[in-house]
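J.: I'd like to ask you about the structure that follows.
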Amino acid sequence: MKDFNARSRADAWAAALAGLVAGAVALGVGQLAAGLIDPGAAPVIAVGDATVDRTPQALKDWAIRTFGTNDKVVLIGGIVVVLALVAAGLGLLARRRPGLATAGLLVFGLVGAVAASTRPDAGSLDAVPSVLGAAVGAWALRVIVRRAWPPGRHAGLDQDHSAVRDSGEGAHGGEVAGAHGGEGATGAGGHRVAGDGDVDRARYPAVMRAGGRPHEFDRRGLLTGVVAGVAVAGVAGLAGRGLAGRLEVGAERAKIALPRPAKPLRPIPVGADLRLKDLSPFVTPNRDFYRIDTALVLPQVDPKTWKLKIHGMVDRPVELTYDQLLRRPLREADVTLTCVSNDVGGPYVGNARWLGASLADILREAGVQSGADMLLSTSTDGWTSGTPVDVVMDGRDALLAIAMNGEPLPLAHGFPVRQVVPGLYGYVSATKWITEIKVGRYDQEEAYWTERGWAPKGPIKTESRIDLPRGGSTIRAGRTRIAGVAWAQHKGIDAVEVRVDKGPWRQASLAEVPGIDTWRQWVVDGWDATPGEHTIEVRATDATGYTQTPDYAPVIPDGATGWHSILVVVK
Ligand SMILES: Nc1nc2c(c(=O)[nH]1)N[C@H]1C(S)=C(S)[C@@H](COP(=O)(O)O)O[C@H]1N2
Ligand SMILES: [Mo]
């Protein structure tokens, strides 16, 4: 009995392995086809995208809270784990019901195909990678199973087969175990194929049913099948990635010569950056800028074919090419972006000098009709944002931005064109890879995050953050510097105060700022830190006279409030 169990376990592992390899072949071939057709149509990516868009809000919030900006990696990892389990299960199924296993793989192909072709930017061929991958995967599974349990090599128990077949698992097990009683020790059993001296085969005899008949397990056959499958999956997957890269617009981006602004902005005042170690620099380098979006693969938008369509409640619909946009008078603006999902003290805030065309000017040319109160902007990947018309038209630097800190927008930050509107959270203003603005009404249409429970309008709330000392760190006793940033975009920061252990508030010194649309560094020098644990709190007052409320509000539905508070240990 023990021998039989060991053999049966070996068979099960072998079958699961065959399924896994077939699954890898399916994904590899899918990736290759996606590389030729559309990188976003790769099976795992397509399913991931569909999952993101259909995930219940509570789960999504939890994922963002728990995994932060790693949520995409975790999602893709989760999908791969699920697919691996399913593939292994289909491998087990293939031993007995090859037809069902094939059908199972094809069903998964269909899931991928539906996910890929229901994406907003799906092309007409986007079902192909998943279907083709699944079909080749199903074929691979059959081939590997055939090799591992070759049909020509029945176990030599021909007389016993009917009994084995009819009697079910238990009897089967008992019988085979009986027949093989001493085999493990002797290394030669009755189930060996005549004339076959392969020791492996002797050790893993007929406990397998393929197509309803027990076949002898051929370990070498399995191994060659597995190696071939892994090779096919790897080569196809890598080739697919290479081909996807060929479509990338990075090379186009590198060729762009940025026009000069019509009226250059003054340089950022030297005093805007206190240049303190661990304090966020005034200008966030592009590579360090937080990234928040729903895209699993970066949209590749070719500036040569890019167009922005402005339509809806306008007198004269507008279509703009990239070249036309670049020929408009361009202006620079220092604007701090903030995500509504940035919790008190959180990292989803960054400051850049943007270059772009005035969105208000373009809208005036289009002629916004009375009654319109929302700009519903759409990106190539179908994400939407609803921006208040009055905010964009009130004279602030609302831009169709093409550059960030002196270089064309990085792909991750919306290349070739994105919106930037000072004073509004990103989800209602900062559309990356923008291709369409529909002028309309809040009471008639809803944008992506509003459909999912977030507020339709998102003015940024006044907030402040302590960057140093770092929360939770251990520092030395003595004179200590406390510093951070505060923001109230399009209002401006007038004061920042800090207190330790609920003591008296101390005024922080404020760094200079180029305008009211950026964050502002602040510093308190000379806190005399004494040994023990201390709580440090900060609060800012903006130029309207509003001082941050201590009352905590979560990020949903319209942004967090409360004082950032950290704990430090002084030794
Ligand atoms: N196309 C697209 N644009 C988008 C988003 C998105 O998911 N898709 N997210 C928005 C949100 S919620 C924020 S906070 C900002 C972040 O911009 P960044 O990634 O350049 O920092 O982009 C906005 N623009
Ligand atoms: Mo955001």
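Throughout, read-outs are computed from the coordinates displayed, never taken from laboratory work. Only a predicted model underlies this, so the values are computations on that prediction, with no experimental measurement involved. Glycine gets a Cβ as well: all are built from the backbone with ideal geometry, and neighbour counts include every protein chain shown.
J.: Which order do the peptides 270-281, 400-411 come out in when sorted by mean C-beta neighbours inside 10 angstrom, highest first? Write down the numbers at each step before the final one.
T.: Values: 270-281: 14.8, 400-411: 21.0.
Result, highest mean Cβ count within 10 Å first: 400-411, 270-281.
J.: Against the longest principal axis of the chain, how steep is helix 219-246, in degrees 0 to 90 to the nearest 10, with axes from Cα atoms?
T.: 30
J.: What is the helix-to-structure angle for 57-67, meaning the angle in degrees between its Cα long axis and the longest Cα principal axis of the chain, kept from 0 to 90 and rounded to the nearest 10?
T.: Here the helix axis deviates by roughly 90 degrees.
J.: Counting Lys and Arg as +1 and Asp and Glu as -1, what is the net charge of the other residues whose Cβ lies under 13 Å from the Cβ of Ala41? The partial results should precede the final answer.
T.: On the way: positive: Arg119; negative: Asp38, Asp49, Asp121, Asp126, Asp381.
Overall, the nearby charge balance is -4.
J.: Step through the residues of the stretch 401-410 one at a time and calculate ³J(HN,Hα) from phi using the Karplus curve (6.51 cos²θ - 1.76 cosθ + 1.60, θ = phi - 60°), rounding each to whole Hz and writing x for Gly and Pro.
T.: Calculated HN-Hα couplings, in order: 8, 10, 9, 9, 6, x, 10, x, 3, x Hz.
J.: Between beta-carbons, use under 11 Å as the cut-off and find the net charge around Trp505, counting Lys and Arg +1, Asp and Glu -1.
T.: Result for the neighbourhood of Trp505: +2.
J.: Over the stretch 280-452, what is the relative contact order in percent, taking alpha-carbon pairs closer than 8 angstrom and at least six residues apart?
T.: On the way: 348 pairs, mean separation 47.4, N = 173.
Result for the stretch 280-452 is 27 percent.
J.: From Cα pairs below 8 angstrom and at least 6 apart in sequence, can you work out the relative contact order of the chain, rounded to a whole percent? Could the numbers behind the result be given before it?
T.: Working: 1223 pairs, mean separation 72.4, N = 571.
Taking the mean separation of contacting Cα pairs over the length of the chain, I get 13 percent.
J.: Also: Taking the mean number of other Cβ atoms within 10 Å as a proxy for protection, how do you rank 505-516, 35-46, 450-461, 132-143 from highest to lowest? Could you put the intermediate results ahead of the total?
T.: On the way: 505-516: 16.9, 35-46: 25.4, 450-461: 18.8, 132-143: 23.2.
Per-residue mean Cβ counts within 10 Å order the peptides as 35-46, 132-143, 450-461, 505-516.
J.: Show the residues, 5+ positions off or on another chain, whose built amide H is closer than 5 Å to the amide H of Leu409.
T.: It is Ala403, Met404, by chain and number.
J.: Can you compute 3J(HN,Hα) from phi for each residue in the stretch 142-150, using the Karplus curve 6.51 cos²θ - 1.76 cosθ + 1.60 with θ = phi - 60°, rounded to whole Hz and x for Gly and Pro?
T.: Running phi through 6.51 cos²θ - 1.76 cosθ + 1.60 with θ = phi - 60° gives 4, 4, 5, 4, 4, 5, 6, 10, x Hz.
J.: Same structure, new question: Where nothing but the Cβ of Lys and Arg (+1) and of Asp and Glu (-1) is charged, how large is the charge dipole of the chain around its Cα centre, in debye to the nearest 20?
T.: Numbers: 63 positive and 60 negative charges, 250 e Å.
For the chain, the charge dipole is close to 1200 debye.
J.: What is the helix-to-structure angle for 71-96, meaning the angle in degrees between its Cα long axis and the longest Cα principal axis of the chain, kept from 0 to 90 and rounded to the nearest 10?
T.: The helix 71-96 is inclined about 10 degrees to the chain.
J.: Residues with beta-carbon under 15 Å from that of Pro459, excluding Pro459: net charge, scoring Lys, Arg +1 and Asp, Glu -1? Write out the running numbers ahead of the final one.
T.: Working: positive: Arg396, Lys457, Lys461, Lys491; negative: Asp373, Asp390, Asp394, Glu463, Asp517, Asp542, Asp558.
Net of charged neighbours comes to -3.
J.: Then there is this: Where does the chain land at 222 nm, in deg cm²/dmol rounded to the nearest 500, when only DSSP H runs of n ≥ 4 count, each adding -39500 (n - 2.57), divided by all residues?
T.: Value at 222 nm, helices only, nearest 500: -12000 deg cm²/dmol.
J.: Defining a contact as two alpha carbons under 8 Å apart and six or more residues distant in sequence, what relative contact order in percent does the stretch 430-571 show?
T.: Values: 313 pairs, mean separation 40.5, N = 142.
Relative contact order comes out at 28 percent.
J.: For the stretch 433-446, what does the Karplus curve 6.51 cos²θ - 1.76 cosθ + 1.60, with θ = phi - 60°, yield as ³J(HN,Hα) per residue in whole Hz, taken in order and with x for Gly and Pro?
T.: Result, ordered by residue: 6, 6, 10, 8, 10, 9, 7, x, 10, 4, 7, 10, 9, 10 Hz.
J.: Order of 467-474, 433-440, 121-128, 332-339 by packing, highest average Cβ count within 10 Å first?
T.: On the way: 467-474: 15.5, 433-440: 21.5, 121-128: 17.5, 332-339: 24.2.
The packing order, highest mean first, is 332-339, 433-440, 121-128, 467-474.
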